[in-house]
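*Asks:* My structure is below; once you've seen it, I'll send some questions.
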Amino acid sequence: MNPVQIKPNIYWVGGIDWHLRNFHGYITPRGTTYNAYLIVDEQITLIDTVKDYLADEMLERISSVCDPSDIDYLVVNHVEMDHSGSVGRVMDVAPEATIVTSAKGREGLEHHYDAARWDFELIDSGEELSLGERSLTFVYTPMVHWPDSMVSYVQQESLLFSNDAFGQHIAGHERFDDEVGWDLLHEEAGKYYANIVMPYGMQVLRALQALEGLKIDMIAPSHGVIWRTFIEDLLDVYPRWAGHETNPEALIVYDTMWDSTRQLSTALRRGLEESGVPVKVRSLQTSHVSEIMTDVLSARAVLIGTPTLNNGMLPTVGAFLTYLRGLRPQNRIGFAFGSYGWGGQGAQEVAGFIESIGWDMPVDLMNVRYRPEVEQLEEAEAAGRKLGEAVNASE
Ligand SMILES: [Fe+2]
Ligand SMILES: [Fe+2]
């Protein structure tokens with residue numbers, strides 16, 4: 001359990017969760033890491049901790065650098081238990097340590113721990129704390145990802161501990177971005193953004209503004225690898241995601257009972273492709289909603305199809321829409337389609353949903369009784385072409 005030196009006398013001492021496959025509903029086929037960092041200065045400082053069951057792994061890594069009981073400061077950037085789940089263990093080992101956090105951070109810790117026995121130093125946004133040769137500056141980043149979230153910056157090393165911002169759920173022996181490569185990181189950072197951070201685009205833009213003046217040559221997030229080579233690429237895509245900017249692409253998401261809705265999805269795809277728009281197709285029977293959200297992140301048009309079951313949409317489609325509503329993607333073109341035997345409420349509910357979240361609907365919903373006839377498939381293809389034209393005409 002070796003630590004990894006990331007800057008002189010600054011070490012990664014986190015835990016690797018090789019087995020995690022579901023992070024509160026977000027499917028994580030590559031596992032994840034919880035990153036804690038140790039700064040060895042006059043004041044020995046631990047930045048964040050790990051999930052409770054990885055406390056031993058973290059303490060073992062710390063022990064190969066220093067005696068964990070010598071920790072002077074424990075910085076809590078974020079109360080959520082993937083980062084603060086081992087605060088109790090650290091304070092048991094280093095009871096003299098002072099917890100450095102915001103007032104909201106302290107309040108959150110008090111909800112999870114019997115924290116009255118611990119020393120706290122409460123800091124404001126912009127405040128600097130000397131560690132000896134180095135200092136830490138704290139910047140509040142509310143809602144990236146909880147109200148208490150903040151980041152910590154070491155000016156002397158141009159190093160940002162960004163906590164949940166810029167994370168990715170990847171377990172591995174690699175600790176740095178260039179050991180993994182931009183393509184995979186772009187995908188995993190995007191999936192992470194889409195499934196965790198997307199509702200807080202405004203707050204992300206505000207946080208990026210607050211960090212603008214800082215010289216940064218390394219970003220050490222609390223999940224995944226540390227950024228040192230692809231920082232420019234990362235700081236290019238993050239504001240785009242936060243600003244709900246998309247690519248001229250379309251995504252078709254559907255479920256089907258007797259194949260009619262699937263047939264419509266194929267005709268729609270053909271029409272979109274005829275307009276020159278790249279299309280992704282996702283069936284809710286084979287793709288998890290958290291994977292689909294990665295596609296929603298970049299898609300300008302999202303076409304959603306459902307048959308009618310028991311006077312409503314299929315439950316799989318309902319679950320997808322519930323997830324989508326919470327993550328609040330904006331500035332998309334929406335389209336509802338489906339098939340039915342008598343009622344037809346399923347696709348109507350989807351159209352009502354799209355309207356309720358404020359997406360444009362330049363093409364009316366398409367709802368087909370029983371099996372689509374040849375003419376109806378042609379209609380669907382024409383609807384796909386129209387949607388493709390709307391995608392091409394939009395910014
Ligand atoms: Fe979090
Ligand atoms: Fe986290």
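The values are calculated or read from the model by the stated rules, or taken from the named source; none is laboratory data. Quantities reported herein were computed from a predicted structural model and do not represent experimental measurements. Heads up, the Cβs are rebuilt from the backbone with ideal geometry, glycines too, and the neighbour counts pull from every protein chain shown. Just so you know, the surface numbers come from the protein's heavy atoms only, side chains and all, with ligands and any DNA or RNA stripped out. Shrake-Rupley method; radii C 1.70, N 1.55, O 1.52, S 1.80 Å.
*Asks:* Share of region 310-395's accessible area from carbon and sulfur, percent, 1.4 Å?
*Replies:* 48
*Asks:* Quick check: with the 1.4 Å probe, what order do GLU174, GLU378 take by accessible area, largest first?
*Replies:* GLU378, GLU174
*Asks:* A follow-up question, please. If you plug each phi of region 38-49 into the Karplus form 6.51 cos²θ - 1.76 cosθ + 1.60 with θ = phi - 60°, what whole-Hz ³J(HN,Hα) values come out, in order, with x for Gly and Pro?
*Replies:* So the Karplus estimates, Gly and Pro as x, are 10, 9, 9, 9, 4, 9, 6, 10, 9, 9, 6, 10 Hz.
*Asks:* Using a 1.4 Å probe, what is the accessible area per residue for region 250-389, in Å²?
*Replies:* 44
*Asks:* If ligands, DNA and RNA are left out, what is the accessible area of LEU205 with a 1.4 Å probe, given in Å² to the nearest 10?
*Replies:* Counting only protein heavy atoms, the figure is 60 Å².
*Asks:* For a quick check: with amide H placed at 1.01 Å from N, whose amide H comes under 5 Å from LEU284's, ignoring anything fewer than 5 positions away on the same chain?
*Replies:* Residues meeting the criterion, in which the H sits 1.01 Å from N, are TYR254, ASP255.
*Asks:* Just to check I understand the Karplus step: with θ = phi - 60° and J = 6.51 cos²θ - 1.76 cosθ + 1.60, what whole-Hz values come out for region 56-66, glycine and proline as x?
*Replies:* 4, 4, 5, 5, 5, 5, 4, 4, 7, 10, 7
*Asks:* Label-point separation (nm) for TYR370 and ASP67, each offset 7 Å from Cα along Cα-to-Cβ?
*Replies:* 8.4
*Asks:* Oh, and also: If each of LEU184 and ASP119 carries a label point 7 Å out from its Cα toward its Cβ, how far apart are those two points in nm?
*Replies:* 4.3
*Asks:* Could you put GLU128, GLU110, GLU157 in order of accessible surface area, largest first, with the 1.4 Å probe and the full protein assembly present?
*Replies:* So, going from the largest accessible area down, we get GLU128, GLU110, GLU157.
*Asks:* Per DSSP helix of 4 or more residues, -39500 (n - 2.57); summed, then divided by the residues of the chain. What does that give at 222 nm, rounded to the nearest 500? Provide the component values of the computation, followed by the final result.
*Replies:* On the way: 12 runs with 134 residues, N = 395.
After summing the helix terms and dividing by the residues of the chain, the value is -10500 deg cm²/dmol.
*Asks:* Counting only the heavy atoms of the protein chains, how much of ASP82 is accessible to a 1.4 Å probe, in Å² to the nearest 10?
*Replies:* 10
*Asks:* Go through region 342-359 residue by residue and turn each phi into a ³J(HN,Hα) via Karplus (6.51, -1.76, 1.60, θ = phi - 60°); whole Hz please, and just put x for glycine and proline.
*Replies:* 3J(HN,Hα) across region 342-359, in whole Hz: 9, x, x, 6, x, 5, 5, 4, 5, 4, x, 5, 4, 4, 5, 9, x, 7.
*Asks:* Starting from the amide H of ASP360, placed 1.01 Å from N in the peptide plane, find each other amide H under 5 Å away whose residue is 5 or more places distant or on another chain.
*Replies:* Counting only residues 5 or more places away or on other chains, the set is ARG332, GLY334.
*Asks:* Among VAL79, VAL289, what's the order by accessible area (1.4 angstrom probe), most exposed first?
*Replies:* VAL289, VAL79
*Asks:* Which residue, chosen from LEU264, LEU377, ALA301, occupies the Cα position most advanced towards the positive end of the dipole of region 250-389, where the dipole is computed from +1 (Lys, Arg) and -1 (Asp, Glu) charges on Cβ about the Cα centre?
*Replies:* The Cα lying farthest towards the positive end belongs to ALA301.
*Asks:* Then there's this: Please work out how much accessible surface HIS173 shows to a 1.4 Å probe, ignoring ligands, DNA and RNA, in Å² rounded to 10.
*Replies:* Near enough 150 Å² of accessible area.
*Asks:* Determine the share of region 73-159's accessible area contributed by carbon and sulfur atoms, expressed in whole percent, with a 1.4 angstrom probe. Numbers along the way, then the final one.
*Replies:* Working: 1560 of 3440 Å².
Carbon and sulfur atoms account for 45 percent of the accessible area of region 73-159.
*Asks:* I've got another one for you. For VAL13, what residues show an amide H to amide H distance below 5 Å, using hydrogens built from the backbone and excluding near sequence neighbours?
*Replies:* Those lying under 5 Å, H to H, from VAL13 are ALA36, TYR37, LEU38.
*Asks:* Using only the alpha-carbon atoms, how far is helix 374-393 inclined from the longest principal axis of the chain? Give it as 0 to 90 degrees, nearest 10.
*Replies:* That works out to roughly 40 degrees.
*Asks:* State, in angstrom, two size descriptors of the chain derived from its alpha carbons: Rg to one decimal place and Dmax to the nearest whole number.
*Replies:* According to the Cα coordinates of the chain, Rg and Dmax are 24.0, 77 Å.
*Asks:* Over region 162-302, what lengths in whole Å, largest first, do the semi-axes of the equivalent ellipsoid take, defined as the square roots of 5 times the eigenvalues of the alpha-carbon gyration tensor?
*Replies:* They are 33, 16, 13 Å, listed from largest to smallest.
*Asks:* Continuing with this model, one more query. Per residue, how many Å² of accessible area does region 4-242 show with a 1.4 Å probe?
*Replies:* 38
*Asks:* Here's another thing I want to ask about it. May I ask for the angle, rounded to the nearest 10°, between helix 182-192 and the longest principal axis of the chain, with both axes built from Cα atoms and the value confined to 0 to 90°?
*Replies:* Here the helix axis deviates by roughly 80 degrees.
*Asks:* Let me ask something additional. I'd like the distance separating the alpha-carbon centroids of region 13-46 and region 161-213, in whole Å.
*Replies:* Using only Cα atoms to place each centre, the spacing works out to 14 Å.
*Asks:* Given q = 0.13 Å⁻¹, what are the Debye log10 I(q)/I(0) values for region 250-389, with equal point scatterers placed on the Cα positions and solvent ignored?
*Replies:* Taking Cα atoms of region 250-389 as identical point scatterers yields -0.46.
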